[in-house]
Amino acid sequence: MSKKLSWVLLFTLLISVAFTGCTKEDPQDNNSTTNPSDNNEDKNNDSSQSISYETYYANMFGKDVLKTFYVWNEEIRDDLNQWNIETNNDPIGTFDRIRYHEGEKYIDKWSMLTNDITSVTSEMNGITTSFGWNLTFYDMSSLVNREQYVGVVNFVYKDSPAAKAGLKRGDILLTLDGQIINSSNYQNLYYGNTLTVTLGRMDPESYTIYDQNKEVSLTAVSMYENPVICDSIYEFNGKKVGYLAYTSFDFASIPQLIEISRKFKAEQVKELVLDLRYNGGGYVITEQVLASMFAPQAAVTNQEVFEKEVYNKILTQYYQEEGIDFESRFGTDFEYQDQDQTVKVSTKDANIGLEKIYGLISSGSASASEALLGGLMPYTQIELIGSQSHGKYCTGLLFSAKDFYVKSPAELNNWGAYVMISIYQNSLGETPCMPDGLTPDIAIADDPRLPYVIGDVNEPLLKQALIEAGRTYDEGTASASLSRSMDSQFRKLPQIESATFGKRILTLPSKATHNILFKTGLQ
């Protein structure tokens, strides 16, 4: 195995594999609450404010991560110098505030410090306590002269409480536990434990909501949200067009993606509708697996460059000294760590041989979704349909604080950080989604209020892709969108973003992290 390939594989290991611990100062009593500056020789600035050991170590961890690994560490140098780890009592807020920004505008909208890395990691792996639906909220206050929202189902996950209750795309949530839905309670539709809703539907001709006289009660469960929500093959004009609706680049779905690609190849699919409109990103290794099945076979056989990463000076120097290539290449053999299990997969017989990809995108398409499409652009004809994507053009590392240093105090056991470490480019040195997202070639707004489920040939985004592929429709088969007057009265609210939205995730092996910290004097 080449040195480059071995490092690529190492980068995909979960951060929890082999890291150990923390600090230059190690208190004797980790359970006490006092001023850690009493144990610290470096007493810059005022240290009269008492903070707990947990807060002190969280400050140290957050500051060290940004100082060493952050792609914009030079741009935030002044803010880092002002971060007093001995007196600051809000490490999460400080980390959030000093992310790279220009005045009031935050360039980095994704890096975060957390005191619940367990939940974040579980969600990134598709495990969450959930009703199993994805919703868009609309404000219909102008219609009823009071603050009132409705929730519209975009899709439901297989075997979820929502799916078992019969909910589907286009169902409209009218009330929540007998109350109107508004700004004070609508987030309970995602974060509550139990609820009861009444359902309505939109009449596609009159654009009015009618009550279905149906009440549904749901209890959230801990479940795996399988991101493969639909895969189909459509045949017309002597050709076969594949369709894949995919919502998150997680590890567990990789084997299923490979089987779907094998099916498409066996059916001689040459064009693919890749629906990423609800995909906020995920693991880079999953992105690389998909890219190697979607790219031309010749590019995979020749192991041509898929993507490049641009790092800060510290990481650039370290990788150069270690002889690590900044480029990732198409391949056929992949290895990754999934829930403490080493998984090896092969895509040797799963390259589809695609001639064209129709990418369905929206503001919900981010990070690995944008990187996959951008990385394939130099090799494959890609037509984008939908609306502007999110614009997440950088890659993050997921750190577990207890594994960050050589010795780790118990206070850091559930702390972690997701930190932007690079800006990705395709083989031409371009980042097509930078700075404001991918621009569609054909602009069509996603509208879940229309009565067409994901995969229905009359659903507007899929319909447009199939028209571009050569499928013909009778006049008046499906409304493209609701009327503008109705849209002005139904104001779409910003999407509720999960902790994992906009994540393009690398994980770094402990040896590399500790070597980097050692060279910078932090270990």
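When you go through S184, S232, S206, S248 one by one, which is the residue that is free of Cβ contacts under 8 Å to residues at least 24 places away in the same chain and either of a type in the set (V, I, T) or under 25 Å from P460 (Cβ atoms) (or both)?
Details: S184 fails: either of a type in the set (V, I, T) or under 25 Å from P460 (Cβ atoms) (or both); S232 fails: free of Cβ contacts under 8 Å to residues at least 24 places away in the same chain; S248 fails: free of Cβ contacts under 8 Å to residues at least 24 places away in the same chain.
It is S206.
Can you tell me which residue in region 75-84 is surrounded by the fewest Cβ atoms within 10 Å (Cβ to Cβ), limited to those that are free of Cβ contacts under 8 Å to residues at least 40 places away in the same chain and assigned to a loop (DSSP other than H, G, I, E, B)?
E75
If I go through region 277-312 residue by residue, how many of them are farther than 20 Å from T431 by Cα and either of a type in the set (D, E) or not in a loop (DSSP other than H, G, I, E, B) (or both)? Even if it seems obvious, please write down each step before you answer.
Taking region 277-312 and keeping what is farther than 20 Å from T431 by Cα, we get 278, 293, 296-298, 300-303.
Now narrow it down to the ones that are either of a type in the set (D, E) or not in a loop (DSSP other than H, G, I, E, B) (or both): 293, 297-298, 300-301.
Adding up the residues that qualify gives 5.
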Every residue from region 383-421 that is modelled with pLDDT of 95 or more, surrounded by fewer than 24 Cβ atoms within 10 Å (Cβ to Cβ) and of a type in the set (S, T, N, Q): S387, Q388
Region 100-115 residues that are touching a residue at least 60 places away in the same chain (Cβ under 8 Å) and acidic (D, E), paired with ones that are part of a loop (DSSP other than H, G, I, E, B) and buried (at least 16 other Cβ atoms within 10 Å of the Cβ) (beta carbon under 7 Å, 6 or more apart): D108/W72; D108/R99; D108/Y100
Residues that are part of a helix (DSSP H, G or I) and either in contact with a Cys (Cβ under 9 Å, 6 or more places away or on another chain) or among the aliphatic types (A, V, I, L, M) (or both), drawn from region 61-74: F61, V65, L66
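Return a yes/no flag: does region 98-107 have any residue that is at pLDDT 95 or above, over 18 Å from W415 (Cβ atoms) and either over 24 Å from the mean Cα position of the chain (by Cα) or not aliphatic (A, V, I, L, M) (or both). It would help to see each step written out before you state the result.
Taking region 98-107 first, the residues at pLDDT 95 or above are 98-100.
Checking which are over 18 Å from W415 (Cβ atoms) leaves us with 100.
Still in the list and also either over 24 Å from the mean Cα position of the chain (by Cα) or not aliphatic (A, V, I, L, M) (or both): 100.
Checking region 98-107: at least one residue is at pLDDT 95 or above, over 18 Å from W415 (Cβ atoms) and either over 24 Å from the mean Cα position of the chain (by Cα) or not aliphatic (A, V, I, L, M) (or both).
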Subset of region 426-440 (residues that are crowded, with 22+ Cβ neighbours inside 10 Å and in contact with a Phe, Trp or Tyr (Cβ under 9 Å, 6 or more places away or on another chain)): C433
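Quick one: which residue in L218, L257 is of a type in the set (A, V, I, L, M) and not in a strand (DSSP E or B)? Even if it seems obvious, please write down each step before you answer.
Working: L218 fails: not in a strand (DSSP E or B).
Exactly one of L218, L257 is of a type in the set (A, V, I, L, M) and not in a strand (DSSP E or B), namely L257.
So which of L272, L244 ends up being touching a Cys at 6+ places or on another chain (Cβ under 8 Å) and over 26 Å from W110 (Cα atoms)?
Details: L272 fails: touching a Cys at 6+ places or on another chain (Cβ under 8 Å).
The match here is L244.
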Yes/no for L274 being among the hydrophobic types (A, V, I, L, M, F, W, C), at pLDDT 95 or above and either in the same structural domain as N154 (by TED's automatic domain parsing) or in a helix (DSSP H, G or I) (or both): no
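Among the residues of region 222-238, write down those that are over 13 Å from T286 (Cβ atoms), of a type outside the set (S, T, Y) and touching a strand residue (DSSP E or B) at 6+ places or on another chain (Cβ under 7 Å).
First pass over region 222-238, keeping only residues over 13 Å from T286 (Cβ atoms): 222-226, 229-238.
With of a type outside the set (S, T, Y) added as a condition, the list becomes 223, 225-226, 229-231, 233, 235-238.
Of everything in region 222-238, those that are over 13 Å from T286 (Cβ atoms), of a type outside the set (S, T, Y) and touching a strand residue (DSSP E or B) at 6+ places or on another chain (Cβ under 7 Å) turn out to be M223, E225, I229, C230, D231, I233.
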Single residue of region 139-169 satisfying the filter (outside any loop (DSSP other than H, G, I, E, B) and polar (S, T, N, Q)) that is farthest from T194 (Cα to Cα): S142
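Out of the residues in region 459-476 meeting the condition of being in a loop (DSSP other than H, G, I, E, B) and more than 28 Å from the chain's Cα centre (by Cα), tell me which one is surrounded by the fewest Cβ atoms within 10 Å (Cβ to Cβ). Write out each step before concluding.
If we filter region 459-476 for residues that are in a loop (DSSP other than H, G, I, E, B), which is where we start, we get 459, 469-476.
Narrowing further to those that are more than 28 Å from the chain's Cα centre (by Cα): 469-476.
Values: A469: 20, G470: 12, R471: 16, T472: 9, Y473: 12, D474: 6, E475: 4, G476: 6.
Here the answer is E475.
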Top-ranked residue in region 181-209 [being closer than 17 Å to G166 by Cα and of a type in the set (V, I, T); ranked as nearest to the chain's Cα centre (by Cα)]: T194
Residue count for region 171-184, restricted to those that are in a loop (DSSP other than H, G, I, E, B) and under 15 Å from M140 (Cβ atoms): 2
Residue match in region 294-315 (condition: closer than 30 Å to P448 by Cβ, modelled with pLDDT of 95 or more and within 23 Å of the chain's Cα centre (by Cα)): yes
Scan of region 344-356 for residues that are surrounded by fewer than 16 Cβ atoms within 10 Å (Cβ to Cβ) and either part of a loop (DSSP other than H, G, I, E, B) or hydrophobic (A, V, I, L, M, F, W, C) (or both), ordered by number: K348, D349, G353, E355
Complete set of residues in region 142-151 that are surrounded by fewer than 22 Cβ atoms within 10 Å (Cβ to Cβ), touching a Phe, Trp or Tyr at 6+ places or on another chain (Cβ under 9 Å) and either hydrophobic (A, V, I, L, M, F, W, C) or without any contact (Cβ under 8 Å) to a residue 24 or more places away in the chain (or both): L143
S122 being closer than 26 Å to Y424 by Cβ, modelled with pLDDT under 95 and either surrounded by 14 or more Cβ atoms within 10 Å (Cβ to Cβ) or in contact with a Cys (Cβ under 8 Å, 6 or more places away or on another chain) (or both): yes
Residue under evaluation S122, criteria (1) farther than 30 Å from F251 by Cα; (2) touching a strand residue (DSSP E or B) at 6+ places or on another chain (Cβ under 7 Å); (3) part of a helix (DSSP H, G or I), criterion not met: (1)
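The values are calculated or read from the model by the stated rules, or taken from the named source; none is laboratory data. Just so it is clear, the model here is predicted, and its values are computed rather than measured. Neighbour counts run over all protein chains shown; Cβ positions are idealised from the backbone, glycine included.
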